[in-house]
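The values are calculated or read from the model by the stated rules, or taken from the named source; none is laboratory data. Note that the structure is a prediction, hence the values are computed from the model and not measured. Cβ sites come from the backbone with ideal geometry, for glycine too, and all protein chains shown count toward neighbours.
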Protein chains: 2
Amino acid sequence: MATVYVAGVGMTKFGRSPQTLTELCCEATSRALSDSAIQEIEALYLGVMNPEEFTGDSNIASRIAEALGLTGLPALRIETASSAGAAAFHAAFQAVASGSYRHVLVLGGEKMTHLSTSATTRILAEVIDRQERQCGATMPALAAMITERYRKRYRLSPARLERLLCRVAMKNHLNGSRNPYAQFQQAITEQTYFSSKFVSTPLRLYDCSPITDGAAAAILTSEKTDVAVSGVGQGTGPVSLRERDSFTSFRATQIAAARAYRMAGISPREIDFAEVHDAFTSFEIISTEDLGFFPAGRGGDAVEEGKTALDGPLPVNPSGGLKSRGHPVGASGVAQLVEVVRGLRGSAGAKLKREAKRALAQSTGGLGTNNFVTIVERTDSPLMKNLPLPPAPPPGRKRPAIKRTQPPALSEEGRIETFTVLYVTPDGFLPPLALALIRDRQGSLFMAQGEDVSHLKIGREVYLRQVGGRNVFTVKSHLMKVREALKKLLSRVPPLPAQRRRPGKKETP
Amino acid sequence: MATVYVAGVGMTKFGRSPQTLTELCCEATSRALSDSAIQEIEALYLGVMNPEEFTGDSNIASRIAEALGLTGLPALRIETASSAGAAAFHAAFQAVASGSYRHVLVLGGEKMTHLSTSATTRILAEVIDRQERQCGATMPALAAMITERYRKRYRLSPARLERLLCRVAMKNHLNGSRNPYAQFQQAITEQTYFSSKFVSTPLRLYDCSPITDGAAAAILTSEKTDVAVSGVGQGTGPVSLRERDSFTSFRATQIAAARAYRMAGISPREIDFAEVHDAFTSFEIISTEDLGFFPAGRGGDAVEEGKTALDGPLPVNPSGGLKSRGHPVGASGVAQLVEVVRGLRGSAGAKLKREAKRALAQSTGGLGTNNFVTIVERTDSPLMKNLPLPPAPPPGRKRPAIKRTQPPALSEEGRIETFTVLYVTPDGFLPPLALALIRDRQGSLFMAQGEDVSHLKIGREVYLRQVGGRNVFTVKSHLMKVREALKKLLSRVPPLPAQRRRPGKKETP
């Protein structure tokens, strides 16, 4: 396998822009070309999540190639939900590594801010399982349910969880304040964080990445430059929450990381800094655990102790991350690569305290369903000894096991596995909306919406029923439980003789 | 570059299906696995054109991987409009050739028939240039304009063009009648063809591929099998008609073909049979010219002479093509590969008269904007001597020339470059709708809709104006021309002294 190098990177300022998607892509490309000694391109690999619904145009690869003056050359659009940019980077890596092309332009972009928040939320929610969407689940709602479960599993008090999430938001906004390409360039205080409204408990506005326009570009080449791609890995996970084994980590990230580390021939300790997919602050904590930087359940402590700060031993999201740099969904995966390359070169907005030799980017598609890890390093690094490396043998060669099983029928009772109260609801749902993942006695999971928002707690018993095709749950109150216990007792009492002779009942002589 | 082989192929029956996109993909995969000695898969490369709008679900790669029981493994969705399946095949080829994976599943699929024809037409029309769409242009309308221009350029009478198109439709329906996977399995007569209605002149219903559900799968591997991929090539062209140099050929196909032939080290003469993208009958004729099978303008004669028939020297679309097999847009590119592999193995529905060693598949994205050519051959073929081959040097290394020019302002006059009368119009447009591409004196092209459908002819002079954001043209009648000539004459006559002294005009003493 031939080594693949990064020749140049560039991006637009992220934020609300009057430019079209095409114009944003042109600007990012111009900047990557200015940054690169290589000026000729043999193919375009484009990551965009959903231009069809965001802009009304399909056939986007041909369109962007035309605007760039590249008509004639191969142009592919790659998509894996919100990790589309990273996916395009990986496909381009394979194209160069295969010898198909020498110089390839990787572009990620998305245009989102011209639509209403409810329209954008609806489009983004299409990545979610259909049944979960029918209950009113949105991306923030599912992220919130994962966060609540994380809190419970690692025995954090609600106050402590909030403090940890606040620290992630503050760190990333502080970093973003030094990044001229970031959407938000102002540090935030604890007070700003705690006065922001809940989007979906326990996640506040400042826990969620914003809606953003932007594009980012990188030129990959087989000719040696100062930065090489030393490891790539991709992994997938179940789309629905109810198919998962774990709600407090993303298997897709773990698989992707294992592959990338094996290919690069290194361990997580050898990473100098990282850009991770903090679409929600809690996801940054989980990602740093999935990447092996910190033990499970300790990612929050690491933030609190300043380990991931700009001057810490392992800076995480020195660019400000998705939280502060912004999250034009298709662009973010490439923007992370732009930032890590700049970090290695010392040309990033937020300066690292010590020189970095090797960095990692992690991108998440959907609710952790299609994730990528990319490791890049300086070619003058003494660490870089083994390139060109053979690709890692994939850990999961699989015999396809095509499922034709019907989803289980809704049980009548269960317990709350995790929950949230959603305050920014999709069209057709009134806030506040209680949502919970319910586990029945057989172990099956069901997403359901709550009759009301009171008495929600992990482990609580609930009744389940279907109303107009939606699953609805009711938390069992003390009174209900007493009534149930009495009923059970009553059923054990033999019927009275008088009752046996009730008129209208068939009698036995 | 490592050689890439095809281990197994399979597809669903194409047509109107009660199955979901996921179910169709599962069925095609099952069949490809049954056909393959390789049962383990390391990654999924999925070609779907627009599941977001056709089905309301995004994040499709993760979804399909999950349904196939492949969760955990890398899964990418690739899209290049109606050639998405071929694009997925090419990206998968690069992934195996790079050594990233040994065994890869390529899947193409689309679910379309559950929507109304007008909704489907609208979604498909999103591949078209926005300004052209605003005038009411649809894919059949633009294909019709290309066909009309082809007729004019090669001096075919309207009757002769019709006869040639009819022959393509008859051949493909006859071939499809022998293919158990085809949507239409009945041969058609000349009478059936000529009694079918115009969709967009000169294209009738039997000139257009249908709306279809279906999926197709192929397993690519680095382990030697009976069929190898010996050449791949991709090329792009301008999205809008008005940016094109030629309306009678597709540069994107020519580029893709040149690359694929060079990589395989062969000429078009060494191809035994081909599956080409006959979304419209005229496109089959043009494609066989672009692929170098026949000289420009002679593709129609070749059909008439039976050269591309099942028993001819170069069978084209022995499977029935998109016309008769059906066209689930994302699936077609993979289905073509399924058919050529079956043809080489002698297991296709329609038997070739002589044993084939090498075959070609050509897929078109949008209006010829993103096209692919793939050459596969039997590994026992004495022709196959040079594998593994180095990849072809791309003919078009390009310095990006990012355009920021505004489109030219609408001229007041011009001439009809090509036209059509559209009978199946998009929502908001009443049939019959005249559409024409108008060239002004400066050589700029404009798409415009006609005031009425009379006097349409290539070369006719027209007036142009804007009405509510749409370009509208009026054919100059004889009377208008006489009036214009008189006006011009009049302007040369010096004004009469009486007129000079009209009251209200400033007078010179």
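Overview of results
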| item | result |
| --- | --- |
| Test for A:Val276: is it buried (at least 24 other Cβ atoms within 10 Å of the Cβ) and either farther than 17 Å from A:Glu377 by Cα or over 15 Å from the mean Cα position of the chain (by Cα) (or both) | no |
| Checklist (1) within 9 Å of another protein chain (Cβ to nearest Cβ); (2) buried (at least 24 other Cβ atoms within 10 Å of the Cβ) applied to A:Val6, failing item | (1) |
| Selected residue [more than 24 Å from B:Gly176 (Cα to Cα), β-branched (Val, Ile, Thr) and modelled with pLDDT of 95 or more] from B:Thr12, B:Thr22, B:Thr3 | B:Thr22 |
| Residues of the stretch A:106-119 that turn out to be in contact with a helix residue (DSSP H, G or I) (Cβ under 9 Å, 6 or more places away or on another chain) and modelled with pLDDT under 95, as a count | 1 |
| The stretch B:24-59, residues that are more than 7 Å from chain A (Cβ to nearest Cβ) and either of a type in the set (Lys, Arg) or free of Cβ contacts under 8 Å to residues at least 24 places away in the same chain (or both) | B:Arg31 |
| Breaking point among (1) in contact with a helix residue (DSSP H, G or I) (Cβ under 7 Å, 6 or more places away or on another chain); (2) surrounded by fewer than 24 Cβ atoms within 10 Å (Cβ to Cβ), for B:His103 | (1) |
| Residue within the stretch A:198-220 that is surrounded by fewer than 20 Cβ atoms within 10 Å (Cβ to Cβ), among the β-branched types (Val, Ile, Thr) and more than 21 Å from the chain's Cα centre (by Cα) present | no |
| Residue within the stretch A:40-47 that is in the same structural domain as A:Leu360 (by TED's automatic domain parsing), modelled with pLDDT under 95 and more than 23 Å from B:Ala84 (Cα to Cα) present | yes |
| Total residues in the stretch A:65-85, condition more than 7 Å from chain B (Cβ to nearest Cβ) and in contact with a strand residue (DSSP E or B) (Cβ under 6 Å, 6 or more places away or on another chain) | 3 |
| Matching option when the condition is farther than 25 Å from A:Ala296 by Cα and among the β-branched types (Val, Ile, Thr), among A:Ile146, A:Ile188 | A:Ile188 |
| Residue that is farthest from B:Ala65 (Cα to Cα), among those in the stretch A:116-131 that are within 14 Å of chain B (Cβ to nearest Cβ) and part of a loop (DSSP other than H, G, I, E, B) | A:Glu126 |
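For (1) away from chain A (no Cβ under 14 Å); (2) at pLDDT 95 or above, each residue gets a yes or a no:
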site: B:Gly365; (1), (2): no, yes
site: B:Thr369; (1), (2): no, yes
site: B:Thr374; (1), (2): no, yes
site: B:Ala401; (1), (2): no, no
site: B:Thr405; (1), (2): no, no
site: B:Val421; (1), (2): yes, yes
site: B:Gly443; (1), (2): yes, no
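For (1) assigned by TED's automatic domain parsing to the domain that holds A:Ser83; (2) among the aliphatic types (A, V, I, L, M); (3) part of a helix (DSSP H, G or I), each residue gets a yes or a no:
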residue: A:Ala302; (1), (2), (3): yes, yes, yes
residue: A:Pro318; (1), (2), (3): yes, no, no
residue: A:Leu322; (1), (2), (3): yes, yes, yes
residue: A:Gly333; (1), (2), (3): yes, no, yes
residue: A:Gln336; (1), (2), (3): yes, no, yes
residue: A:Val340; (1), (2), (3): yes, yes, yes
